[in-house]
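Since the structure comes first, as structure tokens, the remarks are kept for the end.
Just so it is clear, none of the values below were taken in a lab; they were calculated from the coordinates. Keep in mind that this is a model prediction, so the values were computed, not measured.
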Ligand code: PMT
């Protein structure tokens, strides 16, 4: 997702400075190239050397440092940035940017950049709710600056309230959202219905049949669709994932519940992506009481669940319908069969026995097969990157049809 993207991170003074180390480490793991600009007060909290080691780039702390390159540094960084992140952002830097003050390296570079700017404020509650600060934030929002809102909790000064720097996870998600939103393959005005995670088919009050799906693939697709401007309904089986903001999440447990929910939202949807791993079978009878063990073996009779995707294919008309195929052998042949049988625009096939593919992990190895039998094979990549490829393909299909 962030491979080879240039992110310039401005760090201003506050106790939360150390959390930016975590943010940088996460962004680096996602492949981003990081340059850090610290204000003098930020450097009082954590040494520039720590940021230099993590970012693997020289950290700039003052405009009149001896330049490390012949570029005019504030201009070259301003031009290099694909995204500018300021975390933590004090009331002071917010006030400076909102009022056009450029009197140090950070404020000067922000003023010179044309990259989108994402600001993660962190300050004492009374400062944060101060009307001047709120007015400055509003000025910036009106000008298109993006914010990762601070969290509430116990602040370093001992007060309780809003003003804590957002978690590193939320800040990184803000960066990813901003990148997704920059895609020129927008889905604005489209309604996207996505399924994610496993289903659970009860045997008795304590046991059920399920599979290893974590929901990561479907949730990543849902967030990426939202970031491209789509209205998203996410039908989710049981997962441990946080509910994404700005998305209507409908929790279900069984395949039958998924069937009912998906069909309820189907008519309104322009695009349907079925990333969920749905149980094909369920116990024919569900015991009301816990099944007691005996000395004999136990057989459980299974009955078929509805094939949701097959049914959607029969009602598809001009909607875009995308399926997934999880296979352990004959991946391409099996997946091709599903494209035709289920009347799909394309299928995303993964061999779940390959290392780094399929369930649970952050990566997958997929092949995309379209309704004409064209096959595109991809190397192992992050599920976020796969989401981007899928959404780009959907965008191209919409444009072909319109
Ligand atoms: O959730 P993660 O841990 O990130 O893992 C991602 C994933 C491996 C679950 C995902 O990439 C994936 O492959 N999902 C589909 C898994 C699956 O059920 O494959 P299938 O070949 O059994 O089903 C084919 C398609 O039909 C799927 O789109 C499935 O949602 C749909 N289906 C299947 C059975 C059924 N009764 N109804 C359905 O709609």
Query - Whole-number D in µm²/s for the range 71-187 (Stokes-Einstein; Kirkwood sum over Cα pairs; 4 °C, 1.567 mPa s) - result: 87
Requested in this report: Mind pulling the per residue volume of the convex hull built on the Cα atoms of the range 1-127? Å³ is fine.
Outcome: 101
Report task. Counting only DSSP beta bridges with both residues in the chain, tell me the antiparallel percent, nearest 5. Result -> 30
**Report entry** Euclidean distance between Cα centres, the range 122-144 to the range 1-49, Å
**Finding:** 22
**Report entry** Taking the chain and dividing mean pair separation by its residue count, relative contact order in percent (alpha carbons under 8 Å, at least six apart)
**Finding:** 11
Requested in this report: Compute the relative contact order of the range 279-402 as a whole-number percentage, counting only Cα pairs closer than 8 Å that sit 6 or more residues apart in sequence.
Outcome: 16
Query raised in the report: Can you list, largest first and rounded to whole Å, the semi-axes you get for the chain by taking the square root of 5 times each eigenvalue of its Cα gyration tensor?
Result: 46, 24, 20
Report task. Among DSSP beta bridges whose residues both lie in the range 131-280, state the antiparallel percentage, nearest 5. Result -> 30
Report task. Have a look at 173, 384, 242 and tell me which one the Gaussian network model of the chain (Cα, springs below 10 Å) gives the largest fluctuation. Result -> 242
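Scaled to the compact-protein estimate 2.2 N^0.38 Å, what is the alpha-carbon radius of gyration of the range 124-271, rounded to two decimal places?
Here the answer is 1.32, to two decimals.
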Query raised in the report: Going by alpha carbons, how many degrees (0 to 90, nearest 10) lie between the helix axis of 383-401 and the longest principal axis of the chain?
Result: 70
Report summary line: With Cα coordinates, the longest principal axis of the chain makes an angle with the long axis of helix 131-142, in degrees rounded to 10, of 60
Query raised in the report: In percent, how large is the relative contact order of the range 6-181, given Cα pairs closer than 8 Å and 6 or more residues apart?
Result: 23
Query raised in the report: Counting each DSSP H run of 4 or more residues in the chain as -39500 (n - 2.57), what helix-only mean residue ellipticity at 222 nm follows after dividing by all residues, to the nearest 500 deg cm²/dmol?
Result: -10500 deg cm²/dmol
Query - Mean-position separation - Cα centroids, the range 339-379 and the range 269-318, in angstrom - result: 22
Query raised in the report: So what is log10(I(q)/I(0)) for the range 186-401 at q = 0.09, 0.10, 0.16 1/Å, when the Debye sum runs over its Cα atoms only?
Result: -0.35, -0.43, -1.07
Requested in this report: Using only the alpha carbons of the range 269-321, determine the length spanned along each of the three principal axes and report them from longest to shortest in whole angstroms.
Outcome: 56, 17, 15
**Report entry** Diffusion constant of the range 214-265 at 37 °C, which comes from Stokes-Einstein with the Kirkwood Cα-pair radius and 0.692 mPa s, µm²/s
**Finding:** 290
Query raised in the report: Could you give the angle, 0 to 90 degrees to the nearest 10, between helix 331-341's Cα long axis and the longest principal axis of the Cα atoms of the chain?
Result: 70
Report summary line: the range 6-181: antiparallel bridges as % of DSSP beta bridges, rounded to 5, reads 20
**Report entry** Max mean-square fluctuation residue, GNM over the chain, Cα-Cα springs under 10 Å, options 263, 298, 241
**Finding:** 298
Report summary line: Out of 386, 291, 34, a Gaussian network model of the chain with alpha-carbon springs under 10 Å gives the largest mean-square fluctuation to 291
